[in-house]
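For reference, the structure is listed below as C-alpha cells.
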Amino acid sequence: MVQHLTDLTETASQTAGPYVHIGCTPNFAGIEGIYKEDLGRQPYPEDAPGERITITGQVLDGLGVPLRDVMLESWQAGADGTFGPGAQGFARLAADQETGIWTLNTIKPGRVGNQSPHIALWIVARGINIGLQTRLYFEGDDHSDDPVLNRIEHRDRVRTLMARPEGQATWRFDIRLQGDGETVFLDI
Amino acid sequence: MTLLPRNRAAHPVPYAPGYKSSVPRSPRLPLLSLPTRATEETGPVFGHDLLGEHDNNLILNFTGTPAIGERVILHGRVMDQFGRPVPGALIEIWQANAGGRYRHKKDGYLAPLDDNFGGCGRTITDEAGAYEFLTIRPGAYPWPNGVNDWRPAHVHFSLFGPSFGQRLITQMYFEGDPLIARCPIVATIPDPQAVDRLVAPLDMTRALPMDCLAYRFDIVLRGQRQTMFENRPEGF
C-alpha cells in the first residue's frame, strides 16, 4: 500500500465553550494575579505609523441576538501592508458582557499585494464547534482587484465583509452567524 | 508556505442538533474555499519572555498555596501533519476545578470553588515541540443541554502555530472516562478516530511516585506545503 505523504490528521477542534475568557482573557474574566495583562490588548503601539481607527461590532446568532460570550481575534498587516514582528497586528477581543459589542482600536491596514486592506477575524464561542474565519474590508476602498472578494459568487454577499464608516475614523462591522445577511466565512 | 487545506471530515460538524447551542450559532451557507495567502500564513509570535515562573503550574499559579485535587502532569508534543515538531507554539489551557466548578460568575454549579485554583495556565513548546503542564484533574459536571447531560472531565486547549490559519481550540479528555461516550459536545465529531485522538492515555512513564499521575496529549496542527526558494530557508 502506498504511504500517504501527510501521515497525520489535524487534531479535531472542539467548541471554546462558555468560559473561553478564563483561559484567553483571564483578567477580563476576573481572574487576576496570574498574568500581568491579557494577551492581545492592543494590536499596535500608540506610536506605530498609520491612521488610527476604531471598529465596533456585534456577533449575531440566527435569531439576531448578540453573542455576549464571544471571543474574537484579529490579525492584520500594518499601514505599509506588511506583517510586523512578534505579536504586532494581533488583538484579542472580548465582547461587552451586557451588549455583546466588541471594539478594536487599531491602524488601518495597507494593501497586501493585490489584496484590498483587510483584517482577518477568528471567532469562537459556545455553540461554535470550529472557529470561524472571516475578513473585514472597508467600504469605499477600491476592491476591484481583491482575489478573495472576487471569488464570492453571490455578489450581494460581498457587503457582509464590508465595515461601514460611522464618523471620523470609526467603523462598524457586524457578523451574522446564520440567516438573513449571513456573513461569508472562509474555508482557509 | 501554503497551508494544506483543512480536512473538515476530521472536525466536528458545525450544525449538531444534539449540542443545542450550535443550532442558532452555525453558518448554514457553504464556506468560501480559498488557498491561503500571507494573511493566513503569518501569525503572532509569542516569546518565552511572556511567561512567568508558574504559568504552566495550575496547582500553584493562582495563590501559591496548592490547589485541592488529584495532581496530574499533562504533556505531549505539538506537530504538524508531516510529523514535524512545532517549536514556539503558545498553548493556553483552562478548566474546572476538582469538583467540576469553573471560576466564573456564570457557573452556578453547586460544587465549591477552590480558593487556590484559578483554572488557567500557559506555556510555549520547546525545540522538539514538547510541552508540560502541572494541574489538578478537573471534575465532571452537569450542564443544561439535555435533562441529565454531563461533561466528561476535560481541559480546554488553545494553540497558536506560526500561522493564523493554524489557529485551533480543542478539548482534551482522560482515558477511561465513561462520560466521553455520552457527551453531546464530543459527539459533534463524526469520526470515532478523531474522537480517540482527543483522549489522552495515562502515561506512567512520566508519573511522579507519591506525587502525580501523567497523561499524554499529542496535538497535530495543519501542515504547510513546503516550497524551496533560493533566497529563504525552508519554512520561512
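Structure values in brief
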read-out: Gyration tensor over alpha-carbon atoms, segment B:120-236, equivalent ellipsoid semi-axes in Å; value: 31, 20, 12
read-out: Phi-based couplings in Hz for segment A:117-129 (Karplus 6.51, -1.76, 1.60; Gly and Pro marked x); value: x, 8, 10, 7, 10, 10, 10, 9, 5, 3, x, 9, 7
read-out: 24 Å Cα-Cα reach of B:K106 towards lysines, excluding residues that sit fewer than 8 places from it in its own chain; value: A:K36, B:K20
read-out: Contact order relative to length of segment A:85-154, as percent, for alpha carbon pairs under 8 angstrom and 6 or more apart; value: 22 percent
read-out: Relative contact order (%) - criterion: Cα under 8 Å, at least six apart; region: chain B; value: 27 percent
read-out: Amide H within-cut-off set for A:I107, under 5 Å, with H built and near neighbours excluded; value: A:I53
read-out: In nm, spacing of pseudo-spin labels at B:A181 and A:D180 (7 Å Cα→C-beta vector); value: 4.7 nm
read-out: Integer Hz, Karplus 6.51/-1.76/1.60 couplings in order for segment B:60-69, x for Gly and Pro; value: 10, 6, 8, 10, x, 8, x, 6, 8, x
read-out: Sequence-distant residues sharing a close amide H with A:F138 (under 5 Å, placed H); value: A:A163
read-out: Phi to ³J(HN,Hα) by Karplus 6.51 cos²θ - 1.76 cosθ + 1.60 over segment B:123-133, Hz, x for Gly, Pro; value: 7, 10, 5, 7, 4, 8, x, 8, 9, 8, 10
read-out: Value of relative contact order over chain A, rounded to a whole percent, pairs C-alpha under 8 Å and six or more apart; value: 23 percent
read-out: Principal axis dimensions, segment B:1-117 - Cα atoms, whole angstrom, descending; value: 49, 39, 23
read-out: Per-selection Rg to Rh, segment A:1-53 - Cα, Kirkwood hydrodynamic radius; value: 1.26
read-out: Principal axis dimensions, largest first and in whole angstrom, of chain A by Cα; value: 55, 43, 40
read-out: Ratio of the Cα radius of gyration of chain B to 2.2 N^0.38 Å, where N counts its residues; value: 1.07
read-out: Nonlocal amide H pairs with A:T25, under 5 Å, H built at 1.01 Å; value: none
read-out: Cross-link partners of B:K105 among lysines (Cα-Cα below 19 Å; sequence separation of 8 or more within a chain); value: none
read-out: Cα extents of the protein assembly as shown along the three principal axes, largest first (Å); value: 65, 52, 47
read-out: Distance from segment A:131-188 to segment B:129-173 (C-alpha centre basis), Å; value: 31 Å
read-out: Test item: A:26-39 mean partner chain Cβ contacts at 10 Å; value: 5
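We did not get these values from a lab; they are worked out from the coordinates using the rules stated. Just so you know, these numbers come straight off a predicted model, no measurement behind them. Heads up, the Cβs are rebuilt from the backbone with ideal geometry, glycines too, and the neighbour counts pull from every protein chain shown.
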